[in-house]
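Working notes, beginning with the structure itself.
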Amino acid sequence: MKAKILALLRERQDYVSGQELCEGFGVSRTAVWKAIGQLKKEGYQIEAVQNRGYRLLSKREVYGQHELESRMDTTWAGRPVCFYEELGSTNLQAKLDAEKGAKEGTLVVADMQTAGRGRRGRMWSSPPGTNVYFTLVLKPDYQVELASMVTLVMGLAVAQGIRETCGIEAHIKWPNDIVVKGKKVCGMLAEMSTERDFIHYVVMGVGINVGQQDFPPEIAQTAICLEQACGHKVSRAEIIVNVMKAFEQYYDIFRRDGSLTGLLDQYNGLLAGRDGEVRVLDPKGEYQGISRGINSTGELLVEREDGTVEIVYAGEVSVRGIYGYV
């Protein structure tokens, strides 16, 4: 109920009577009074005036469970929200929740992580009060081989969510990084539990650099935060909600098609380095070519000098102008 009260106060931007809140949520005046009191303790500035009701005074974000729930207007993605002040890893918590029966769309969010991870076991810096760390639980009904495309769907959603929230250009560095002004602002990590040809669950973890911060020396030259890029304060809750809205839309298209066919134009339109030179670090030998975008199953198409097109299934791809590769 607290999230619903908060959403109504934010939407109305004026006084809402206690009677209206009671009737709207089917609770007593005492219950409303207690809920308002709890929201105040969390940090919300709510004014109470006799014969007028309650009014939300400040738009300052109080990042947490009720802020996220009050903003979430999706159908299933990001519902429910499970917020933690501190976690070892949102992916680990999401896997534990999925094992216990958490439904599709469950969103695990942490203000900080003590053991955040990126690809190949790399550590992900996760300080408190600064960035976005979340993991979405999915319960797919499609074949195992399609699961690898989920990261690309999320990448598209994150890029779109950043663009909508911040009003800046965000691009995708295939397969799972988001770059702004040529530097990395987001990383993703998908993990899943399978049994032969059946997927028990997929957890899709995302970390986005939001607030001004000092990056560790090893990434200081290649990382950027959104507030640095756009020059103003950015709402962490708004980013999460906008990403969830975009993901819900894109993921439903992906499930309908059983491929990325319906998302190709949007994805390739945001692909960093498309139609530019790329270097493919293949175990069989490095080579250079021109990025021609992805295909309907998410592989990168690279055209060599002789005109042949290689299908890149995995491995590191360096894109000119990205992460210092010139």
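Annotations for the structure displayed:
- Residue tally, condition part of a helix (DSSP H, G or I), under 25 Å from GLU238 (Cβ atoms) and at pLDDT 90 or above, over segment 12-23: 1
- In segment 38-76, the residues that are outside any loop (DSSP other than H, G, I, E, B) and either among the hydrophobic types (A, V, I, L, M, F, W, C) or without any contact (Cβ under 8 Å) to a residue 40 or more places away in the chain (or both): GLN38, LEU39, LYS40, LYS41, GLU42, ILE46, GLU47, ALA48, VAL49, GLY53, LEU56, LEU68
- Only a single item in (1) touching a His at 6+ places or on another chain (Cβ under 8 Å); (2) farther than 30 Å from THR130 by Cα; (3) among the aliphatic types (A, V, I, L, M) is not met by LEU263, and it is number (1).
- Put simply, of SER291, SER235 the only residue that is under 25 Å from GLU169 (Cβ atoms), hydroxyl-bearing (Ser, Thr, Tyr) and under 21 Å from the mean Cα position of the chain (by Cα) is SER235.
- Against the numbered list (1) out of contact with any helix residue (DSSP H, G or I) (no Cβ under 7 Å at 6 or more places or on another chain); (2) assigned to a loop (DSSP other than H, G, I, E, B); (3) buried (at least 20 other Cβ atoms within 10 Å of the Cβ), VAL179 comes up short only at (2).
- Residues that are outside any strand (DSSP E or B), touching a strand residue (DSSP E or B) at 6+ places or on another chain (Cβ under 8 Å) and of a type in the set (D, E, K, R) were ranked within segment 100-136; the one that is modelled with the lowest pLDDT is ARG119.
- TYR142 passes every criterion in (1) over 30 Å from LEU264 (Cα atoms); (2) out of contact with any strand residue (DSSP E or B) (no Cβ under 7 Å at 6 or more places or on another chain) apart from (1).
The values are calculated or read from the model by the stated rules, or taken from the named source; none is laboratory data. Just so it is clear, the model here is predicted, and its values are computed rather than measured. Glycine gets a Cβ as well: all are built from the backbone with ideal geometry, and neighbour counts include every protein chain shown.
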